[in-house]
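Chemist: Have a look at this one.
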Amino acid sequence: MDRFSWSSGLLEINETLVIQQRGVRLYDGDDKAKLDVGVALLSTHRLIWRDAKNHECCIAMPLSQIIFLEEQAAGIGKSAKIVIHLHPASTSKEPGPYQHSKYSYIKLSFKEHGQIEFYRRLTEEMAQKRWENTPVSQPIPTGTGIQAGRTRAVGIVGIERKIEERRKETDKNISEAFEDLSKLMVKAKEMVELSRSIANKIKEKQGDITEDETIRFKSYLLSMGIANPVTRETHGSGTHYHMQLAKQLGDMLQAPLEERGGMMALTEVYCLVNRARGMELLSPEDLVNACKMFESLKLPLRLRVFDSGVMVVQLQSHSEEEMIASALDNVSEKGSLTAEEFAKLLGLSVLLSKERLLLAEKVGHLCRDDSVEGLRFYPNRF
Amino acid sequence: MSFEWPWQYNFPPFYTLQPNVDTRQKQLVAWCSLVLSYCRHHKLYTLDVMEAQESPLFNNKKIKRKLSVEAIQVVLEELRKKGNLEWLDKNKSRCLVMWRRPEEWGKLIYQWVSKNGMVNSVFTLYELSNGDDTEAEEFHGLEEWVLLRSLQALQTEGKAEIINMDDGKGVKFF
């Protein structure tokens, strides 16, 4: 029994579990060991035994320690046993439950059977000597948990250490990534300047390029930059900031709104504005707050919330009656329309066109046909 | 004489319960009158909801629309509120449709009785609904339960009395 040493019971990287058997009692030679009944585990490298109740109590022995095996059949009131003859313990062995033993063999007593299979597998492992072919990277962890923790990544300490390493790696990656971003930010201001100067040059040399190209190029530039975006840095936070922002939005959105029939979904506005602002991105919350200021600042724009919760920015001149009337006209003309068809007809987004149809339905100008073919709107003939 | 469908019958939105309250009200009125006139034309006194859903009443094959069971329930419930319908079971799967309410039937029968000077005479229920004398009348072929209800209505008005006879029920008019 003195060949055994304390173990964490964890397998090494190259080590694999071969078989395990419950209800095994250890014998030191012919004497019952002072250990309870437990689980015997056979790995490619070791013979391990763990107490059935107290899992902390776990001992192991390298298979290389074994000389040969014997079977001992069961008798009346006696369980079947495997006798394992062992080499003398090496001097460098970690401490185990027994310091000395007068026997050079131990016995595994199988209270719950399984000895035949265990014996077969153990003999196989002894013949194959896999512990020689795939040695574990370092000596098999023997000894108490503290010692094991200090030498390699085993147990909870090992997991913690791995997590820490991974975190450091991530940290490094993130800071590298942001380094690029700050470089880009420096360049962005230059880009806006550049686009502005190009725009001016185009103005001067109007005749050289075709009208169409000018317009197209201008539209690219337009969506590229606001020279001095209102930021929290320049205008502080709170109401004043939102007011200034609202004014800027008012100037900026006028043209795109007219182009799109007087109404844009707030998400679309958000994208457009942030593209124009370059690096000084706006949070959705700030955008909504700024849009809420349109009315009190007497700007010609309005934030509108549909019953469905969809928010849009629309021109003040863009009245509800007109919208409803145009929806009714279009539907009457075609007989019936789905939101998709209506969207195509007006060049609007499907979401907005549906809102218009719903609005017209709400005031009773339209009614719906909800069938497997989809939702269709008809003039209200009821 | 074929049944004449209202214009709504071929209007697809008719088969979707309208979310707009006003629109829905008009839609339900149209459905109620369609159900009653349909039953009247076909002399139907009971409806099975599942069967009815497949019948031309609620299923317009031409435009491939049919009213959902839920919507049918709404329509029928509306009829019940107006006193034209009674459910036969708790699950509301079958109902009695009274396209003419019992009191109205009672009035018709009483008119016929007094017109023919048969007040104070006794009839069997069968005589009234299936007799030769009533062949030309609208209440000819009336189902017995409807007939009984109408006579009960007359009884409460004091215009008739239902008598139990050996082989069924009879009625005496006053």
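The values are calculated or read from the model by the stated rules, or taken from the named source; none is laboratory data. Here the structure is a predicted model, which means the values were calculated and not measured. Here the Cβ is made from the backbone with ideal geometry for all residues, glycine too, and neighbour counts use every protein chain on show. Side chains included, ligands, DNA and RNA excluded: accessible areas come from the protein's heavy atoms. Shrake-Rupley method; radii C 1.70, N 1.55, O 1.52, S 1.80 Å.
Chemist: Test residue B:138 against the criterion of being at negative phi and assigned to a helix (DSSP H, G or I), and give yes or no. Steps first, please.
Modeler: Values: at negative phi: yes; assigned to a helix (DSSP H, G or I): no.
So residue B:138 does not fit the description; no.
Chemist: Looking at (1) open to solvent by 30 Å² or more (accessible area, probe 1.4 Å); (2) under 20 Å from residue B:18 (Cβ atoms); (3) without any contact (Cβ under 8 Å) to a residue 40 or more places away in the chain, which is the one condition that is false for residue A:333?
Modeler: (2)
Chemist: Can you tell me which residue among A:76, A:82, A:59, A:67 is open to solvent by 30 Å² or more (accessible area, probe 1.4 Å), hydrophobic (A, V, I, L, M, F, W, C) and touching a strand residue (DSSP E or B) at 6+ places or on another chain (Cβ under 9 Å)? Give the derivation first.
Modeler: Working: A:76 fails: touching a strand residue (DSSP E or B) at 6+ places or on another chain (Cβ under 9 Å); A:82 fails: open to solvent by 30 Å² or more (accessible area, probe 1.4 Å); A:59 fails: open to solvent by 30 Å² or more (accessible area, probe 1.4 Å).
Result of the check over A:76, A:82, A:59, A:67: A:67.
Chemist: Every residue in segment B:44-57 that is over 22 Å from residue B:137 (Cβ atoms) and not in a loop (DSSP other than H, G, I, E, B), please. If you could, list the steps in order and put the result at the bottom.
Modeler: Here is the first cut: in segment B:44-57, the residues over 22 Å from residue B:137 (Cβ atoms) are B:47-57.
Answer for segment B:44-57, where residues must be over 22 Å from residue B:137 (Cβ atoms) and not in a loop (DSSP other than H, G, I, E, B): B:47, B:48, B:49, B:50, B:51, B:52, B:53, B:54.
Chemist: Please work out which residue is farthest from residue B:18 (Cα to Cα), limiting yourself to segment A:363-375 and to residues that are in a strand (DSSP E or B) and within 7 Å of chain B (Cβ to nearest Cβ).
Modeler: Step one: list which residues in segment A:363-375 are in a strand (DSSP E or B), which gives A:366-371, A:374-375.
Imposing the further condition that a residue be within 7 Å of chain B (Cβ to nearest Cβ) reduces the set to A:367-371.
Working: A:367: 7, A:368: 7, A:369: 8, A:370: 9, A:371: 13 Å.
Here the answer is A:371.
Chemist: Let me ask another. For segment A:29-81, which fully contained strands (runs of 3 or more DSSP E) count at least 3 residues that are out of contact with any Leu (no Cβ under 7 Å at 6 or more places or on another chain) and under 18 Å from residue A:12 (Cα atoms)? Explain how you work it out, then say what you get.
Modeler: Working: elements: A:38-43, A:46-51, A:58-62, A:66-72.
By residue number, A:58-62.
Chemist: Right, here's the next one. Could you check residue A:307 against (1) within 25 Å of residue A:269 (Cα to Cα); (2) more than 11 Å from chain B (Cβ to nearest Cβ); (3) of a type outside the set (Gly, Ala, Ser) and say which number it fails?
Modeler: Every listed condition holds for residue A:307 apart from (2).
Chemist: Another question, then. Among the numbered criteria (1) in a helix (DSSP H, G or I); (2) open to solvent by 60 Å² or more (accessible area, probe 1.4 Å); (3) within 30 Å of residue B:27 (Cβ to Cβ); (4) free of Cβ contacts under 8 Å to residues at least 40 places away in the same chain, which one does residue B:103 miss?
Modeler: Every condition holds for residue B:103 apart from (4).
Chemist: Right, here's the next one. How many residues does segment B:155-166 contain that are closer than 14 Å to residue B:122 by Cα and touching a residue at least 40 places away in the same chain (Cβ under 8 Å)?
Modeler: Total satisfying the criteria: 4.
Chemist: From the residues in segment A:338-381 that are farther than 24 Å from residue B:66 by Cα and among the small types (Gly, Ala, Ser), which one is surrounded by the fewest Cβ atoms within 10 Å (Cβ to Cβ)?
Modeler: A:347
Chemist: Any idea which of A:287, A:297, A:301, A:282 is surrounded by fewer than 18 Cβ atoms within 10 Å (Cβ to Cβ), more than 27 Å from residue B:20 (Cα to Cα) and away from chain B (no Cβ under 14 Å)? Spell out how you get there, then give the answer.
Modeler: Numbers: A:287 fails: surrounded by fewer than 18 Cβ atoms within 10 Å (Cβ to Cβ); A:301 fails: surrounded by fewer than 18 Cβ atoms within 10 Å (Cβ to Cβ); A:282 fails: surrounded by fewer than 18 Cβ atoms within 10 Å (Cβ to Cβ).
It is A:297.
Chemist: Hey, could you check segment B:1-43 for residues that are hydroxyl-bearing (Ser, Thr, Tyr) and not in a helix (DSSP H, G or I) and say which is nearest to the other protein chains (Cβ to nearest Cβ)? Talk me through it step by step, then tell me what you get.
Modeler: In the first step, residues of segment B:1-43 are kept if they are hydroxyl-bearing (Ser, Thr, Tyr); the result is B:2, B:9, B:15-16, B:23, B:33, B:37-38.
Next cut, not in a helix (DSSP H, G or I) only: B:2, B:16.
Numbers: B:2: 24, B:16: 4 Å.
The extreme case among them is B:16.
Chemist: Go through (1) under 30 Å from residue A:157 (Cβ atoms); (2) in contact (Cβ under 8 Å) with a residue 60 or more places away in the chain; (3) surrounded by fewer than 14 Cβ atoms within 10 Å (Cβ to Cβ); (4) in contact with a Gly (Cβ under 9 Å, 6 or more places away or on another chain) one by one and return the number of the condition residue A:99 breaks.
Modeler: So residue A:99 meets the others, but not (4).
Chemist: Further question on the same structure: So, residue B:49, is that one touching a Cys at 6+ places or on another chain (Cβ under 9 Å), closer than 26 Å to residue A:373 by Cβ and either within 14 Å of another protein chain (Cβ to nearest Cβ) or not basic (Lys, Arg) (or both) or not? Spell out the reasoning first.
Modeler: Values: touching a Cys at 6+ places or on another chain (Cβ under 9 Å): yes; closer than 26 Å to residue A:373 by Cβ: yes; either within 14 Å of another protein chain (Cβ to nearest Cβ) or not basic (Lys, Arg) (or both): yes.
Against the criterion (touching a Cys at 6+ places or on another chain (Cβ under 9 Å), closer than 26 Å to residue A:373 by Cβ and either within 14 Å of another protein chain (Cβ to nearest Cβ) or not basic (Lys, Arg) (or both)), residue B:49 qualifies.
Chemist: Considering only residues that are over 22 Å from residue B:5 (Cβ atoms) and within 14 Å of chain A (Cβ to nearest Cβ), which ones fall in segment B:54-102?
Modeler: Within segment B:54-102, just B:70 meets the criteria.
Chemist: Under 27 Å from residue B:18 (Cα atoms), within 14 Å of chain B (Cβ to nearest Cβ), of a type in the set (D, E, K, R) and in contact with a helix residue (DSSP H, G or I) (Cβ under 9 Å, 6 or more places away or on another chain): is that true of residue A:354 in this structure? Break it down stepwise before answering.
Modeler: Numbers: under 27 Å from residue B:18 (Cα atoms): yes; within 14 Å of chain B (Cβ to nearest Cβ): yes; of a type in the set (D, E, K, R): yes; in contact with a helix residue (DSSP H, G or I) (Cβ under 9 Å, 6 or more places away or on another chain): yes.
Yes.
Chemist: Mind listing whichever residues of segment A:82-98 are assigned to a strand (DSSP E or B) and of a type in the set (A, V, I, L, M)?
Modeler: Looking only at segment A:82-98, we keep the residues that are assigned to a strand (DSSP E or B), and these are A:82-86.
Residues satisfying the conditions are A:82, A:83, A:84, A:86.
Chemist: Go through (1) modelled with pLDDT under 85; (2) part of a loop (DSSP other than H, G, I, E, B); (3) open to solvent by less than 20 Å² (accessible area, probe 1.4 Å) one by one and return the number of the condition residue A:241 breaks.
Modeler: Exception for residue A:241: condition (2).
Chemist: Now for a separate question. Quick check on residue A:117: is it open to solvent by 90 Å² or more (accessible area, probe 1.4 Å), in contact with a strand residue (DSSP E or B) (Cβ under 7 Å, 6 or more places away or on another chain) and not in a loop (DSSP other than H, G, I, E, B)?
Modeler: On the way: open to solvent by 90 Å² or more (accessible area, probe 1.4 Å): no; in contact with a strand residue (DSSP E or B) (Cβ under 7 Å, 6 or more places away or on another chain): yes; not in a loop (DSSP other than H, G, I, E, B): yes.
Against the criterion (open to solvent by 90 Å² or more (accessible area, probe 1.4 Å), in contact with a strand residue (DSSP E or B) (Cβ under 7 Å, 6 or more places away or on another chain) and not in a loop (DSSP other than H, G, I, E, B)), residue A:117 does not qualify.
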